[in-house]
Amino acid sequence: MSSIKPIRPALYSPSLLTAPPVDQTGVEERAARFTKRSIKGDSKMQGLLLTLSMIDLTTLEGKDTTGKVEQLCYKALHLHDAFEGLPTVAAICVYPSQVRTAKNALGGSAVKVASVATAFPAGQSSRSIKLSETRFAVEEGADEIDMVISRGAFLAGEYAFVFDEIAAIKEVCGQARLKVILETGELGSLDEVRKASQLAIAAGADFIKTSTGKIQPAATLPVTLVMLETIRDHYYKTGNRVGMKPAGGISTSKLALHYLVMLNETLGPDWMHPHWFRFGASSLANNVLMQIAKEKEGCYQAPHYFSVD
Amino acid sequence: MKKANDRIAVLKTYKLYIGGQFPRTESGRYYAALDAKGNKIANLCLASRKDCREAIGAARTALGNWSMRAAYNRGQILYRIAEMLESRKDQFIAELCAQGMSRSAARKETVGAIDRLIHYAGWCDKYQALFSTVNPVASNHYNFSVCEPMGVVVLFAPESPLLGLVSVLAPCIAGGNTAIVIAHQFKALCAISLAEVLNSSDVPVGVVNILTGNQAELMPWLAEHKDVNAIVQSQKDPSLLSDLRKKATGNLKRVIHWPVIDWHDTAVQSPYRITDLQEIKTTWHPIQQIAGSGSSY
């Protein structure tokens, strides 16, 4: 998939953030309607397989070891060998110190390595440390960088600071695709989510991502809908595509299918591809596998028939 | 002026009991509960396979905590259920009468259920001591066998609406298992009222889940579900049993048959009902000298 290089304004301008206020009630009702679609049989199976291929299999723990990361990489490549024709996940998401391990473990496979950076998850550090951490992750071999925005600065209204920060990280990323984590659970309202999404996209984000997974609430359908609509408006305006990654709290296949329905009905089939949409999740994969097994075997499954992590 | 009996009737909505909540069935289906003369007395949820799946998930989540609890504490909680049932006796008697039982039979049924709970409450911290063993073996090993709960157990409740239900439920949870009760389709009112009692008796969320519906319809889904460890069938009808046994082979579920004619018979209450739902774990522990004194373990 080739993407047109986005034409970015070199500098922040307040006009980047103009948008009508978000109708919260309307968004919540619209999001709730996506959960009423009936997805059965073959469509369900296709949806489940697509979900698997869109997962960023994630481990972001202080206790992560090389062994744990290697095990996760093995899982990324062998989701459930008992079934033929399963896709691999889209990427493995780890801390910068584990990027090399993951890269080696995945070998020449198509599975990408994403690394969080910029003083994840709080983002409370200096610009130079954030840049050098990003540089480190890229040098270690990360294909994708998941950065966090400075929520404190954003909420204080220092939009130019946040814009410049994202733009500076984007520059360091080079060929690596940049996902910008807004941490919507800390932004307070859907208006702020909309504003942060526009800011991130204008500053050069390849993906916008809801959450770190360390803060509650994490990804929700209404928040994701606001972000998808921002992406849509940007696309109508510029013709450039941006990806979306809801992360945190999506642990059941049913919920994942709701997200895909929302994606399809908001951005259309062009976005129904791991290049443009990801799920940040750790336990979702097993839940989807259990559903696939249920569809194949006709009986409900138990978690202990699938890999532990 | 209106007379007292001119009040608009307030009818109770009987719902399911899953994971400490009282949801309606996800399927939206329902059926009528009838009295002895065939008059409708309430609507009941006709549970679906997805309700079963939710209930099994709740029971699996609850299992770790419930099975690891001190046996004494499980006893206290069973006793608490009996206490709560005692204080709401009249409600159950009225409900049983509405379903066609005579007042004296209803009273006997309710009191019997309370006493049965007390019986099993007492067994909670005693059966392990009786049924666990230290085994003589021919090698230098300390060999012992202990009871462990089977896990998530599905109970097909018998026709006896309260006593029968309690008689299958109490030994199941006394032994540290978690339960999904499928109430008898036509005697289900008390099952849901019992859920209200359980909900206010310190029974942790998900330890007991109660569904109303068609046992025959739900049986294949439950029997084939890979996250169920055992199924208790207490119907007298043996035709239900063979099909159940066949379907349960997928994950080697235990199928236990308790065909009881008279639930008032005290022979029904026995610690062997608890051990029917226990696995025996045997451990071989090498004996070694740990001190000069000759003491060892």
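Where a number appears in this text, it was derived from the coordinates with a stated rule and is not lab data. Keep in mind that this is a model prediction, so the values were computed, not measured. FYI the Cβ positions are ideal-geometry reconstructions off the backbone, even for glycines, and counts take in every protein chain you see.
Would you kindly work out the equivalent ellipsoid of region B:170-297 from its C-alpha gyration tensor and give its semi-axes, the square roots of five times the eigenvalues, largest first in whole Å?
36, 20, 16
For every helix of n ≥ 4 consecutive DSSP H residues, a contribution of -39,500 (n - 2.57) applies; sum these over chain A, divide by its total residues, and give [θ] at 222 nm rounded to the nearest 500 deg cm²/dmol.
Details: 11 runs with 137 residues, N = 309.
Theoretical 222 nm ellipticity from helices: -14000 deg cm²/dmol.
How high is the relative contact order of region B:1-117, in percent, with contacts defined as C-alpha pairs under 8 Å that are six or more residues apart?
Across region B:1-117, relative contact order equals 20 percent.
With all distinct Cα pairs included, what does the Kirkwood hydrodynamic radius of chain A come out to in Å, to one decimal, could you say?
19.6
How much length, in nm to one decimal, is gained on full extension between residue B:196 and residue B:86, taken as 0.36 nm per residue of separation minus their Cα-Cα distance?
Working it through step by step, the gained length comes to 38.3 nm.
Helices from chain B with mean Kyte-Doolittle at least -1.0 and a Cα length along the axis of 27 Å or more, per DSSP H: which?
Qualifying helices, which must be both long enough and hydrophobic enough, are B:49-68, B:103-123.
For residue B:65 and residue B:6 in the same chain, what is the full-extension length gain: residue separation times 0.36 nm, less their Cα-Cα distance, in nm?
Length difference between fully extended and current span is 16.3 nm.
Kirkwood Rh, the protein assembly as shown, all Cα pairs: how many Å?
One over the average 1/r among Cα pairs gives 27.7 Å for the protein assembly as shown.
Would you mind giving the mean number of other chain beta-carbons within 10 Å of the Cβ of each residue in B:225-237, as a whole number? Walk me through the intermediate numbers first.
On the way: counts 5, 11, 7, 2, 1, 0, 0, 0, 0, 0, 0, 0, 0.
That works out to 2 on average.
For the charge dipole of region B:14-282, defined by +1 on Lys and Arg C-beta atoms and -1 on Asp and Glu C-beta atoms about the Cα centroid, which residue among B:175, B:87, B:105 has the Cα displaced farthest towards the positive pole?
Farthest towards the positive end: B:175.
FRET efficiency for residue A:191 and residue A:124, Cβ-Cβ distance as r, R0 = 22 Å, nearest 0.05? If you can, show how the numbers build up before the last one.
Values: r = 24 Å, r/R0 = 1.08.
So the FRET efficiency works out to roughly 0.40.
Under a crude label model (7 Å from the Cα following the beta-carbon direction), how far is residue A:25 from residue B:205 in nanometres?
Using points 7 Å along Cα→Cβ, the separation is 3.0 nm.
Applying the Karplus parametrisation 6.51 cos²θ - 1.76 cosθ + 1.60 with θ = phi - 60° to the phi angles of region A:23-31, what ³J(HN,Hα) value in whole Hz is obtained for each residue in order, glycine and proline being reported as x?
7, 4, 4, x, 5, 5, 5, 4, 4
What 222 nm value per residue comes from the helices of chain B, counting each DSSP H run with n ≥ 4 as -39,500 (n - 2.57) and dividing by all residues, nearest 500 deg cm²/dmol?
Result for chain B, helices only: -12500 deg cm²/dmol.
In whole Å, how far is the Cα centre of region A:106-131 from that of region B:111-185?
52
Over region B:14-282, what is the relative contact order in whole percent, taking alpha-carbon pairs under 8 Å and six or more residues apart?
25
Go ahead and run the numbers for FRET between residue A:46 and residue A:270, Cβ-Cβ distance against an R0 of 25 Å, rounding to 0.05.
After rounding to 0.05, the efficiency reads 0.90.
Can you give the FRET efficiency to the nearest 0.05 for residue B:29 and residue B:133, using r as the Cβ-Cβ distance and R₀ = 51 Å?
Efficiency, rounded to the nearest 0.05: 0.55.
Relative to the compact-globule scaling 2.2 N^0.38 Å, provide the ratio for the alpha-carbon radius of gyration of region B:1-77. Don't jump to the answer; show the numbers that get you there.
Values: Rg = 18.7 Å, N = 77, 2.2 N^0.38 = 11.5 Å.
My calculation over the Cα atoms of region B:1-77 gives 1.63.
What's the magnitude of the charge dipole for region B:14-282 around its Cα centre, counting Lys and Arg as +1 and Asp and Glu as -1 at the beta-carbon? Answer in Debye, nearest 20.
340
Can you give me the distance in nm between label points at residue A:61 and residue B:146, each placed 7 Å from the Cα along the Cα-to-Cβ direction?
2.6
Using a ≥ b ≥ c from the Cα gyration tensor of region A:26-153 (square roots of the eigenvalues), is it rounded, prolate or oblate, where a/c under 1.5 gives rounded and otherwise the larger of a/b and b/c decides, a/b for prolate? Don't skip to the answer; put the middle values down first.
Numbers: a/c = 2.85, a/b = 1.28, b/c = 2.23.
In terms of gyration-tensor shape, oblate.
Using only the alpha carbons of chain B, determine the length spanned along each of the three principal axes and report them from longest to shortest in whole angstroms.
Result for chain B: principal-axis Cα extents of 94, 39, 33 Å.
Among B:117, B:156, B:212, pick out the residue whose Cα is farthest towards the positive end of the charge dipole of region B:111-232, where Lys and Arg carry +1 and Asp and Glu carry -1 on C-beta, about the Cα centre.
Farthest towards the positive pole: B:117.
With viscosity set to 1.306 mPa s and temperature to 10 °C, compute the Stokes-Einstein D of region B:215-266, Rh being the Kirkwood radius across alpha carbon pairs; µm²/s, no decimals.
138
According to a simple spin-label model (label point 7 Å from Cα along Cα-to-Cβ), what is the distance in nm between residue B:245 and residue B:265?
Inter-label distance under the simple model: 2.1 nm.
Where the centroid of each part is defined by its Cα atoms, how far is region A:265-306 from region A:40-96 in Å?
10
For the charge dipole of chain A, defined by +1 on Lys and Arg C-beta atoms and -1 on Asp and Glu C-beta atoms about the Cα centroid, which residue among A:210, A:168, A:85 has the Cα displaced farthest towards the positive pole?
The one lying farthest along the dipole's positive direction is A:85.
What percent does the relative contact order of chain A come to when contacts are Cα pairs within less than 8 Å and at least six residues apart?
Values: 533 pairs, mean separation 62.5, N = 309.
In percent, rounded to a whole number, it is 20.
Have a look at the DSSP beta bridges in region B:14-282 and tell me what percent are antiparallel, nearest 5.
45
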